[in-house]
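The values are calculated or read from the model by the stated rules, or taken from the named source; none is laboratory data. It should be emphasised that the depicted structure is a prediction, and the values quoted were computed from it without experimental measurement. Ideal geometry is used to build each Cβ from the backbone, glycine not excepted, and the neighbour counts take in all protein chains shown.
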Amino acid sequence: MNGRIASDPEAPVQFAHDRIEVDGRPVGRCSGVYLIMNKPRGIVTTASDEKGRQTVYDLLKEPQPWVAPVGRLDKASEGLLLLTNDSRWAARITDPASHLDKVYHVQVDRVADADLLRKVTEGCAVAVDGGVLRAKRASLLRQGDKNSWLEITLDEGKNRQIRRLLEALEFKFCAWFEYQSGRLNWGL
């Protein structure tokens, strides 16, 4: 960097001022890459898996520049997954301090009532990491004879938050859809 060998990978770089070379060839800033993937169930959202399971990177057909998932979907979930090399953009989306609302449409295995919706927003005493799992908002979208569609809004993202909250209330998922930043994410 600037004619000197830099061995610190965390050394700050100002692309407008610093000159970076590798093996005598100049390195420029790469353009942003933003990928949208429909992650299938059974695939893990990681670069490599110690158990040898298939990862989202195995699904990328063409060679890509380095990209990382923005958030994650667990192995049992399927749906829209964003991948990017723009770490600042990804951090803005996933940072809990941004309180970006994430709206999920969740189908559950029984008819929901006002009491369930209240418990979802109050937290139903599901203790996690010194706090309580709860939704910012919950409402009934529609219901049938045996199931219901709920709209659940989160402004934080704890691991499997909706799944664990509803399981504590003895509900099971049938399917879910997520709306985030005006884009539709879906899964079963």
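Structure summary
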{"read-out": "Selected residue (criterion: surrounded by the most Cβ atoms within 10 Å (Cβ to Cβ)) from residues of region 131-172 that are over 15 Å from residue 121 (Cα atoms) and basic (Lys, Arg)", "value": "160"}
{"read-out": "Qualifying residue in region 100-122 (condition: modelled with pLDDT of 85 or more, not assigned by TED's automatic domain parsing to the domain that holds residue 167, not hydrophobic (A, V, I, L, M, F, W, C) and not in a helix (DSSP H, G or I))", "value": "no"}
{"read-out": "Flag for residue 90 being small (Gly, Ala, Ser) and either assigned by TED's automatic domain parsing to the domain that holds residue 162 or modelled with pLDDT under 85 (or both)", "value": "no"}
{"read-out": "Residues of region 78-92 classified as surrounded by fewer than 17 Cβ atoms within 10 Å (Cβ to Cβ) and within 12 Å of the chain's Cα centre (by Cα), total", "value": "1"}
{"read-out": "Filtered residues of region 1-35 (kept if free of Cβ contacts under 8 Å to residues at least 12 places away in the same chain, among the aliphatic types (A, V, I, L, M) and under 24 Å from residue 64 (Cα atoms))", "value": "22, 27"}
{"read-out": "Search result, residues across region 40-84 that are charged (D, E, K, R) and not in a loop (DSSP other than H, G, I, E, B)", "value": "58"}
{"read-out": "Checking residue 173 against (1) farther than 24 Å from residue 49 by Cβ; (2) in contact with a helix residue (DSSP H, G or I) (Cβ under 7 Å, 6 or more places away or on another chain); (3) modelled with pLDDT under 80, the condition it does not meet", "value": "(1)"}
{"read-out": "Top-ranked residue in region 93-122 [being acidic (Asp, Glu) and closer than 10 Å to residue 148 by Cα; ranked as surrounded by the most Cβ atoms within 10 Å (Cβ to Cβ)]", "value": "109"}
{"read-out": "Qualifying residues in region 1-39 (those that are assigned to a loop (DSSP other than H, G, I, E, B) and of a type in the set (Val, Ile, Thr)) - the one nearest to the chain's Cα centre (by Cα)", "value": "33"}
